[in-house]
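Participant: Sending over a structure as structure tokens; questions will come in a sec.
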Amino acid sequence: MPSYSLEGGALLVSAGSRGTPRGAPWAARARPQARSPCPLLGDAAAPRPGRRMAEPPVAAFYGAVEPGNPVVDSLEAELRDVLGFLRRLRGAGEAEPQRHDLQRRGANTLFNIWNKYKPRLPDWYYNDKLLKVGDSLVQIKEYKLALRQCYGRYLQQFSSVNPDDVTDDVHKFKSTFFPNGFRDKNAAFTFHALQERNVCIYQMVCSNDRNLQNQESLKTCFNVLSSLRLTMQVALPQENFCWLIYNGTIHIYTICRHLMMIGQSAKVLEYLLWASICMELSIPLLSVHYLTWRATLYAAVSQCYFDCQAGIHGEVFARRGLIKIDELKQLENISSSQENSETRKIFREATLKMSVMIFKRAVYESRRKPKNYFRPKLRVSLKEAQNLSWPRTTTERLLTEMFDCTAAQFLAILEALSDSSRHVLHPTPTVPDEIEIRDVISELFFAGLEILSDILSKIEVRCGNRMIAMSFLEILGPIIVLLQKMSNY
């Protein structure tokens with residue numbers, strides 16, 4: 001029998017020789033709890049059957065929801081552990097089956113963390129943490145996990161509607177994802193989640209079908225483009241969401257360039273046009289700071305037109321871009337008395353991109369003759385022109401007029417010779433019917449060879465080491481040989 005004694009005002013219980021009586025409260029405390037031999041990150045101890053665990057207090061119970069709050073610190077520690085685990089897994093050379101198993105463990109751990117802390121945190125903090133963790137997962141290329149456990153989980157709060165099902169209905173899109181309007185404090189979270197969801201879907205498609213050979217992959221990419229466009233269309237009137245417009249143009253450009261490489265220029269043209277116009281309609285994005293990117297979008301639209309064999313539209317759009325750049329330059333001169341070197345560099349680069357696209361067509365069209373035009377039989381031989389000083393041909397004179405440095409001239413030559421309808425290093429270029437066009441192609445190769453030769457001679461003079469020049473020659477040698485053959489065909 002247990003004996004009882006009173007000492008210091010406390011009741012002490014000591015077990016007798018017959019052991020602990022059945023059902024005694026101290027008996028349960030004496031039994032050790034079983035532990036998992038290999039606990040997962042973020043796992044919580046399972047409650048014992050037959051006993052109801054008390055709900056843990058919410059974060060607000062401990063004061064402000066900020067660093068120092070025990071609930072916040074505990075969540076941060078568990079998220080650091082699981083993200084660190086996934087980063088290490090990404091860099092480790094594990095076998096494929098083991099990698100999938102470890103990724104599944106990480107996904108389950110993150111799932112348990114969200115379920116564990118959602119009832120204990122206010123919605124604003126929980127949603128913010130969802131999206132930040134999603135962004136971290138995107139940085140380490142865990143797109144599937146970011147989509148399902150972060151962006152997708154955030155969007156589940158609105159309805160069971162698939163965002164892909166409302167890409168054609170602006171009003172339904174607004175009522176579904178922005179029921180409280182765009183001034184709501186969660187509107188920025190929702191825009192971000194919608195946009196990053198599309199990025200993850202595209203990256204997941206690329207991981208399974210890098211060359212987009214499957215028709216289903218192509219369909220998904222165009223669905224992503226439509227969804228990005230709709231999100232930008234809704235956000236465009238709200239000036240405070242200019243960051244979303246800028247990011248959206250980057251995502252659209254990235255996907256469209258990929259599709260252009262596999263011959264889908266005709267279908268992506270409308271999306272690149274949309275991205276370019278959005279940059280013009282958003283007031284904050286009209287500044288000089290974003291001009292380089294805007295010029296890149298202009299050049300991509302022009303390239304699309306050239307790929308679609310509509311060179312005249314490509315040149316017209318490039319000239320339009322040049323006008324827009326000049327308008328911004330005039331405004332900048334009015335608002336600022338001194339133009340710094342960085343601003344001059346930005347305008348120079350943007351102007352160069354447009355000039356290259358204009359040259360791409362102008363170099364040919366300026367030499368075309370009517371079909372009934374009498375063509376003289378005698379033409380200037382390029383071999384005879386080799387001993388002349390630059391500019392030696394009509395093409396070189398046009399290059400000198402439009403571009404003031406050899407780097408820009410060489411870039412213009414490459415663009416003028418590029419043709420999406422043929423391979424880049426085809427043994428011989430396609431021979432057009434017009435003699436003048438053949439002359440232009442020969443002169444372009446002739447000019448490119450001269451520029452490369454001049455670069456090699458300058459390297460040798462400046463470095464004072466012929467070995468360095470020879471190293472560059474080994475790299476550029478095949479290109480020079482090709483140019484020599486092309487200029488003499």
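Participant: Please indicate, with yes or no, whether at least one residue in segment 166-179 is small (Gly, Ala, Ser), more than 16 Å from Ser226 (Cβ to Cβ), open to solvent by less than 50 Å² (accessible area, probe 1.4 Å) and without any contact (Cβ under 8 Å) to a residue 24 or more places away in the chain.
Facilitator: no
Participant: Here's something else I'd like to know. Among (1) assigned to a loop (DSSP other than H, G, I, E, B); (2) at pLDDT 90 or above, which single condition is Val224 missing?
Facilitator: For Val224, the failing item is (1).
Participant: Let me ask something else about it. Which of the residues belonging to segment 93-115 are under 14 Å from Glu142 (Cβ atoms) and modelled with pLDDT under 90?
Facilitator: Hits for segment 93-115 are Arg99, His100, Leu102, Gln103, Arg104, Arg105, Gly106, Ala107.
Participant: Where the second residue is open to solvent by 20 Å² or more (accessible area, probe 1.4 Å) and modelled with pLDDT under 70 and the first is within 24 Å of Leu414 (Cβ to Cβ) and among the charged types (D, E, K, R) and lies in segment 447-466, which pairs have Cβ atoms under 8 Å and are six or more apart or on separate chains?
Facilitator: Pairs that qualify, where the first residue is within 24 Å of Leu414 (Cβ to Cβ) and among the charged types (D, E, K, R) and the partner is open to solvent by 20 Å² or more (accessible area, probe 1.4 Å) and modelled with pLDDT under 70, are Glu460/Arg466; Glu460/Ile468.
Residues checked against (1) in a helix (DSSP H, G or I); (2) in contact (Cβ under 8 Å) with a residue 24 or more places away in the chain; (3) under 29 Å from Asn186 (Cβ atoms):
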{"residue": "Ala77", "(1), (2), (3)": "yes, no, yes"}
{"residue": "Val82", "(1), (2), (3)": "yes, yes, yes"}
{"residue": "Arg104", "(1), (2), (3)": "yes, no, no"}
{"residue": "Asn115", "(1), (2), (3)": "yes, no, yes"}
{"residue": "Tyr126", "(1), (2), (3)": "yes, no, yes"}
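Participant: Given (1) under 14 Å from the mean Cα position of the chain (by Cα); (2) on the phi > 0 side of the Ramachandran plot; (3) hydrophobic (A, V, I, L, M, F, W, C), identify the lone condition not met by Cys256.
Facilitator: Failing condition for Cys256: (2).
Participant: Another question, then. Looking at (1) crowded, with 17+ Cβ neighbours inside 10 Å; (2) part of a helix (DSSP H, G or I); (3) at pLDDT below 85, which one does Ser355 not meet, given that it meets all the others?
Facilitator: (3)
Participant: Still on this model: Of the residues Arg348, Arg294, Arg344, Arg319, which single one is open to solvent by 40 Å² or more (accessible area, probe 1.4 Å) and touching a residue at least 24 places away in the same chain (Cβ under 8 Å)?
Facilitator: Selected residue: Arg319, the only one of Arg348, Arg294, Arg344, Arg319 that is open to solvent by 40 Å² or more (accessible area, probe 1.4 Å) and touching a residue at least 24 places away in the same chain (Cβ under 8 Å).
Residue by residue, here is whether (1) more than 22 Å from Gln409 (Cβ to Cβ); (2) modelled with pLDDT of 95 or more holds:
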| residue | (1), (2) |
| --- | --- |
| Ser265 | yes, no |
| Leu269 | yes, yes |
| Leu286 | yes, no |
| Thr296 | no, yes |
| Ser302 | no, yes |
| Gln309 | yes, no |
| Ile312 | yes, no |
| Ala318 | no, yes |
| Ile325 | no, yes |
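Participant: Does Gln233 satisfy the condition of being touching a residue at least 60 places away in the same chain (Cβ under 8 Å), over 14 Å from Pro163 (Cα atoms) and either in contact with a Phe, Trp or Tyr (Cβ under 6 Å, 6 or more places away or on another chain) or surrounded by fewer than 17 Cβ atoms within 10 Å (Cβ to Cβ) (or both)?
Facilitator: yes
Participant: Out of the residues in segment 401-413 that are small (Gly, Ala, Ser) and in contact (Cβ under 8 Å) with a residue 24 or more places away in the chain, state the one that is nearest to Tyr364 (Cα to Cα).
Facilitator: Ala412
Quick grid of which residues meet (1) β-branched (Val, Ile, Thr); (2) open to solvent by less than 40 Å² (accessible area, probe 1.4 Å):
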position	(1), (2)
Thr109	yes, yes
Asn112	no, no
Asn115	no, no
Asp123	no, no
Leu131	no, yes
Ile140	yes, yes
Ala146	no, yes
Gly152	no, yes
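Participant: Sticking with this structure for a sec: Which residue out of Ala350, Ala362, Ala407 is farther than 24 Å from Glu280 by Cα, modelled with pLDDT of 70 or more and within 28 Å of the chain's Cα centre (by Cα)?
Facilitator: So the residue among Ala350, Ala362, Ala407 that is farther than 24 Å from Glu280 by Cα, modelled with pLDDT of 70 or more and within 28 Å of the chain's Cα centre (by Cα) is Ala407.
Participant: Please tell me if Ala416 is farther than 19 Å from Ser366 by Cα and at pLDDT 55 or above.
Facilitator: So Ala416 fails the test.
Participant: Then there's this: Scanning for something within 30 Å of Gln264 (Cα to Cα), surrounded by fewer than 18 Cβ atoms within 10 Å (Cβ to Cβ) and either among the β-branched types (Val, Ile, Thr) or touching a helix residue (DSSP H, G or I) at 6+ places or on another chain (Cβ under 7 Å) (or both), does segment 204-216 turn up at least one residue?
Facilitator: Scanning segment 204-216, I find at least one residue that is within 30 Å of Gln264 (Cα to Cα), surrounded by fewer than 18 Cβ atoms within 10 Å (Cβ to Cβ) and either among the β-branched types (Val, Ile, Thr) or touching a helix residue (DSSP H, G or I) at 6+ places or on another chain (Cβ under 7 Å) (or both), so the answer is yes.
Participant: List every residue pair whose Cβ atoms lie under 8 Å apart, where the two residues are 6 or more positions apart in sequence or sit on different chains, the first residue falls within segment 57-69 and is more than 14 Å from Asp123 (Cα to Cα), and the second residue, located anywhere, is among the basic types (Lys, Arg).
Facilitator: Correct list of pairs: Pro57/Arg120.
The values are calculated or read from the model by the stated rules, or taken from the named source; none is laboratory data. Bear in mind the structure is a predicted one, so any value in this text is a computation, not a measurement. Every residue, glycine as well, gets a Cβ built from its backbone with ideal geometry; the counts of neighbours run over all protein chains shown. These accessible areas exclude ligands, DNA and RNA; they are computed on the full protein's heavy atoms, side chains included. Shrake-Rupley method; radii C 1.70, N 1.55, O 1.52, S 1.80 Å.
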